[in-house]
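Report on one structure; see the data block that follows.
The values are calculated or read from the model by the stated rules, or taken from the named source; none is laboratory data. Because the structure is predicted, anything quoted here is derived from the model rather than measured. Note that we place each Cβ from the backbone using ideal geometry, even for glycine, and neighbour counts take in every protein chain shown.
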């Protein structure tokens, strides 16, 4: 017996000794998986270099605004990343020094034009963890006068070990023939965090400026070299600056800002959002002091105040196990972790002590979509601060929702949803409190 105990102690000591190394290895692997090379944007504010595009694009939900001085043009740009694979941008282009034949005499300034661009990623470099190149197809100036229309295929490979991105593509119309570009981030792994997202960019510009049918502005038709070279600098995660040569004769500059509205948690504290439920606390078992009908009434109002419609309450006592069924509709919470937190606090403070488990069925659009099985001994430990929310989430699994209750289930309360429900699409989510 003594030898067996010694063996277990030695085994435990080995496991403890290996634990720091294992944690460091997990942290290293996790960092490598989530490491991403920044995406930079061109003069038209979609993924690219200075004039030319790349196959890279931002994350779904991003919206950006920017200004570009690319002589002889000035551009105001808007970018919207609708999905991870679809990027749309719009441009208001001003012809510097060229009067509008109709509007300039009325004080409306130089000639201007509006356009929109679409880029569709067939494969993103991130899809393979940068092991394979990304491929995209795009079309510029697809609406309006289409004076700057272009189409292209472009392929981009990211070399994470070198902090390098290289693109090669083929275009038609304004982008004529072969083009390419590259970004290199020399300080990305260095100690200077301020400059870790400073990139050196170079591109081969495929625009035939000397062709009058392609280049509309008379001051933009001269060129010394097809190569443009410059710097791009991302400040924080919201601002981009760039400066570069253009046609070997001019200097271009851009400034832009962007924000991901798809992942934001809001700008202003939502002061009307109630705190998780903690009181009044009532754990009285079912019986003469707390009949089943009273329990149903006691649950409805707290659930409503927390943002849930309690559609149905049912009780089953088969096989010596008391199971409470709660069918709910979520009116307020966008993420699953917040939904779990609110439900957990409600159950820990309101469910009778003699209930063994609670099954919360989540309804959406009139149908059950999934259910959560809460084992009440664990929930009560959570209510007494003996378990954390993460532990309770692991011990309360998500299951496929079942439309029907088991036999011998007693319905304590049922609120039927209306047969028709009118609402306006698309639904909107506010981020301002």
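Look at the stretch 282-308: where a residue is farther than 13 Å from residue 328 by Cα and a partner is assigned to a helix (DSSP H, G or I), sitting 6+ places away or on another chain with Cβ atoms under 7 Å, you get 282/298; 282/350; 286/292; 286/295; 298/350.
In the set (1) under 30 Å from residue 377 (Cβ atoms); (2) over 27 Å from the mean Cα position of the chain (by Cα); (3) surrounded by fewer than 13 Cβ atoms within 10 Å (Cβ to Cβ), the condition left unmet by residue 275 is number (2). For residue 67, the criteria (1) touching a residue at least 40 places away in the same chain (Cβ under 8 Å); (2) assigned to a strand (DSSP E or B); (3) farther than 18 Å from residue 235 by Cα hold in every case but one, which is (3). The set of residues in the stretch 213-255 that are in a strand (DSSP E or B) and crowded, with 17+ Cβ neighbours inside 10 Å comprises 228, 230, 232, 234, 240, 242, 244, 245, 246, 250, 252, 254.
When you scan the stretch 177-196, do you find a residue that is assigned by TED's automatic domain parsing to the domain that holds residue 217, over 25 Å from the mean Cα position of the chain (by Cα), farther than 27 Å from residue 237 by Cα and surrounded by 21 or more Cβ atoms within 10 Å (Cβ to Cβ), even just one? The answer is yes; a qualifying residue exists. Only a single criterion out of (1) surrounded by fewer than 24 Cβ atoms within 10 Å (Cβ to Cβ); (2) modelled with pLDDT under 95 is not satisfied by residue 57, namely (1). Among helices (runs of 4 or more DSSP H) entirely within the stretch 306-407, having at least 2 residues that are under 25 Å from the mean Cα position of the chain (by Cα) and closer than 16 Å to residue 277 by Cα singles out 336-350.
So how many residues does the stretch 117-143 have that are more than 17 Å from residue 85 (Cα to Cα) and surrounded by 15 or more Cβ atoms within 10 Å (Cβ to Cβ)?
The total comes to 2.
Just to be sure before I move on: is residue 263 surrounded by fewer than 12 Cβ atoms within 10 Å (Cβ to Cβ) and touching a helix residue (DSSP H, G or I) at 6+ places or on another chain (Cβ under 9 Å) in the structure I sent? No. When the residues of the stretch 5-43 are filtered to those that are out of contact with any strand residue (DSSP E or B) (no Cβ under 6 Å at 6 or more places or on another chain) and part of a loop (DSSP other than H, G, I, E, B), the one that is modelled with the highest pLDDT is 36.
State whether one or more residues within the stretch 73-84 are in a loop (DSSP other than H, G, I, E, B) and closer than 22 Å to residue 175 by Cα.
no
Taking first residues from the stretch 347-365 that are on the phi > 0 side of the Ramachandran plot and partners that are surrounded by fewer than 18 Cβ atoms within 10 Å (Cβ to Cβ) and modelled with pLDDT under 95, the Cβ contacts under 9 Å between residues at least 6 apart in sequence or on separate chains come to 365/421.
Would you confirm whether or not the stretch 336-345 contains a residue that is buried (at least 18 other Cβ atoms within 10 Å of the Cβ) and either closer than 19 Å to residue 412 by Cα or not assigned by TED's automatic domain parsing to the domain that holds residue 402 (or both)? The answer is no, given that none of the residues of the stretch 336-345 is buried (at least 18 other Cβ atoms within 10 Å of the Cβ) and either closer than 19 Å to residue 412 by Cα or not assigned by TED's automatic domain parsing to the domain that holds residue 402 (or both).
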